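Reading through the structure tokens given below for one structure.
The values are calculated or read from the model by the stated rules, or taken from the named source; none is laboratory data. Note that the coordinates shown come from a computational prediction; the quantities given were computed from them, not determined experimentally. As a convention, Cβ positions derive from the backbone with ideal geometry for all residues, glycine included, and neighbour counts pool all protein chains shown.
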Amino acid sequence: MNGMTLLKCICEDTRFNILELLQKNKEMSVNELVLKLKKDQPLISHHLKALKQCKIVNSKENGKSTLYFIAGKEISVLIKEIVKTGEKIAVKCEDSACSC
């Protein structure tokens, strides 16, 4: 997967929020993601399917539920770095007169 394909897969708000939660929590079920994100289950499932198709997220069966997790350490590190960079930019924007 090239960088542009990866960015297209993660650049939707809900997908990135899912990845951020998975990065922090390691594994989560659809129901846990629904509760945390306060979004409908079909929407979360749709985005998880897209992330799986992009090979960014994997899943495993756990009894009657399915647990989702980030597919690799590199992607997890990337998500962490994007979040940190976003926080730094927000702080810089608050300190200056820019309209972020």
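Just one of the listed residues (LEU33, LEU48) is in contact with a Phe, Trp or Tyr (Cβ under 9 Å, 6 or more places away or on another chain), of a type outside the set (Ser, Thr, Tyr), within 12 Å of ILE10 (Cα to Cα) and assigned to a helix (DSSP H, G or I), and it is LEU48.
Evaluated against (1) assigned to a helix (DSSP H, G or I); (2) crowded, with 16+ Cβ neighbours inside 10 Å, TYR68 falls short on exactly one condition, (1).
Condition check ((1) out of contact with any Lys or Arg (no Cβ under 9 Å at 6 or more places or on another chain); (2) modelled with pLDDT of 95 or more) across all residues:
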position	(1), (2)
SER29	yes, yes
GLU32	yes, yes
LEU37	yes, yes
ASP40	yes, yes
ALA50	no, no
GLN53	yes, no
ILE56	no, no
GLU61	yes, no
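In the range 9-44, which residue that is acidic (Asp, Glu) and out of contact with any His (no Cβ under 8 Å at 6 or more places or on another chain) is surrounded by the most Cβ atoms within 10 Å (Cβ to Cβ)? First the steps, then the outcome.
Narrowing the range 9-44 to residues acidic (Asp, Glu): 12-13, 20, 27, 32, 40.
Then keep just the ones that are out of contact with any His (no Cβ under 8 Å at 6 or more places or on another chain); that gives 13, 20, 27, 32, 40.
Details: ASP13: 9, GLU20: 18, GLU27: 15, GLU32: 16, ASP40: 10.
Ranking the qualifying residues of the range 9-44, first place goes to GLU20.
Note on the range 71-85: residues that are in a helix (DSSP H, G or I) and either touching a Cys at 6+ places or on another chain (Cβ under 7 Å) or of a type outside the set (Val, Ile, Thr) (or both) amount to 7. Only a single item in (1) over 15 Å from THR66 (Cβ atoms); (2) of a type in the set (Asp, Glu); (3) over 13 Å from the mean Cα position of the chain (by Cα) is not met by GLU20, and it is number (3).
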